[in-house]
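The values are calculated or read from the model by the stated rules, or taken from the named source; none is laboratory data. Please read these numbers as outputs of a predicted model, since none were measured by experiment. Cβ placement follows ideal geometry from the backbone for every residue including glycine, while neighbour counts extend to all protein chains displayed.
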Amino acid sequence: MMPENENSSPTIPSSARDPARRPARPGPWLIVAIAALALAGWQWFETRQKLIDTQQEVSRKLAEFDTANKEERGAQKQTREQIEALQARLGALDGKLAEFQGQSATLQTLYQEIARSREEVTLLEVEQAITLAGQQLQLAGNVPVAVLALQTADARLARLDRPAYLPLRKALAKDLGRLTALPFVDMPGISLRLEQIVVSIDKLPLKSYGRPVEKAENQKTAEASPWWRRTGDDIWQELKGLVRIQRFDRDDSALLAPGQGYFLHENLKLRLLNARLALFARDQWTFRNELKVAQDMLARHFDPNDKAVGAAQSTLRQMTATEINVELPNLNDSQAVLRTLRPARDKR
């Protein structure tokens, strides 16, 4: 059995039946292609934009690098100039250093020569001081001057400050200790007192020429008298001077002629001068003997009531009791050490 619509044809739309009237539908590949194209365009645009940015960044970096390179070249040029200037200054300093080293060597040599000369001069001064001390002890017995000379020599050696001179300083200290331990004899003081007595001898009155001293009341009365009385008194005094009566039975006074008073004074001076010479020669016996003779002469021939005569006798008694004969040490130790230093000094 055939269906009812077996003979009938199926219903076809008009559009299907008319190809010219069917709308064109885009295929999926077209859409994909358009999307791919759009994506490619967007990526190209973005890549181009990035490329532009990269180019700008590269240009900016290149500009900065170029600026930095120029600055670096300038800095390098300045550095080279500074290095060249420093090298020039270093060369000048090297020259000055070499000159300074030469001058320093010259100055060192000169200093050594000066130091050697100064040392030699100091040793000569020390030798002269020790010689002077020995002469003062042997010839004059002047201990203070000898001590001063040895102290001066020790001070000169102390300024040198060299161990080679320690033995000489030890010998000087030993000699100084011996000299300072001696009893002090004021020889200059004794000599000055003797000289004062010698100068005053001519003014000392003698016993045989003694005259009564006028009283001050009589002199005042005479001055108050009239002129004619003073004239008469003066004439009377002159007349009395022609003849003088003096008693010598009261004491044992030596009778001297008027011309012998001068020789008595001169003999007393000679006694005191001999005592002075004995003082410098450390001759104790002669010193005391001459002083005793001078005291006897003063007591026998000069007025004991005169103050100058009494002062001279008192001074002579004090000096007679003074010990002047002090055994003085020698300077053999210092002189021996000084002789050992001479060969070493001559070798230099």
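What the table shows:
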item: Qualifying residue in segment 21-28 (condition: part of a helix (DSSP H, G or I) and at pLDDT 75 or above); result: yes
item: Residue under evaluation Pro163, criteria (1) surrounded by fewer than 13 Cβ atoms within 10 Å (Cβ to Cβ); (2) touching a Gly at 6+ places or on another chain (Cβ under 8 Å); (3) not β-branched (Val, Ile, Thr), criterion not met; result: (2)
item: Check on Phe280, of a type in the set (Phe, Trp, Tyr) and touching a helix residue (DSSP H, G or I) at 6+ places or on another chain (Cβ under 7 Å); result: yes
item: Exclusive hit being of a type outside the set (Lys, Arg) and outside any helix (DSSP H, G or I), set Leu166, Leu182; result: Leu182
item: Candidates Thr131, Thr106 - the one that is at pLDDT 85 or above, assigned to a helix (DSSP H, G or I) and polar (S, T, N, Q); result: Thr131
item: Qualifying residue in segment 205-217 (condition: within 60 Å of the chain's Cα centre (by Cα) and either more than 22 Å from Arg288 (Cβ to Cβ) or at pLDDT below 80 (or both)); result: yes
item: Pairs, first more than 13 Å from Thr180 (Cα to Cα) in segment 317-330, second assigned to a loop (DSSP other than H, G, I, E, B), C-beta under 7 Å, six or more apart; result: Ile324/Val185; Ile324/Arg282; Asn325/Arg282
item: Candidate set from segment 253-282 (those that are surrounded by fewer than 18 Cβ atoms within 10 Å (Cβ to Cβ) and touching a strand residue (DSSP E or B) at 6+ places or on another chain (Cβ under 8 Å)); member that is modelled with the highest pLDDT; result: Gly261
item: Number of the exception - Ser334 against (1) free of Cβ contacts under 8 Å to residues at least 40 places away in the same chain; (2) assigned to a helix (DSSP H, G or I); result: (1)
item: Whichever residue in segment 139-163 is in a loop (DSSP other than H, G, I, E, B) and farther than 24 Å from Val326 by Cα and, among such residues, is modelled with the lowest pLDDT; result: Asp161
item: Single residue of segment 283-311 satisfying the filter (surrounded by 17 or more Cβ atoms within 10 Å (Cβ to Cβ) and within 50 Å of the chain's Cα centre (by Cα)) that is nearest to Ala181 (Cα to Cα); result: Asp283
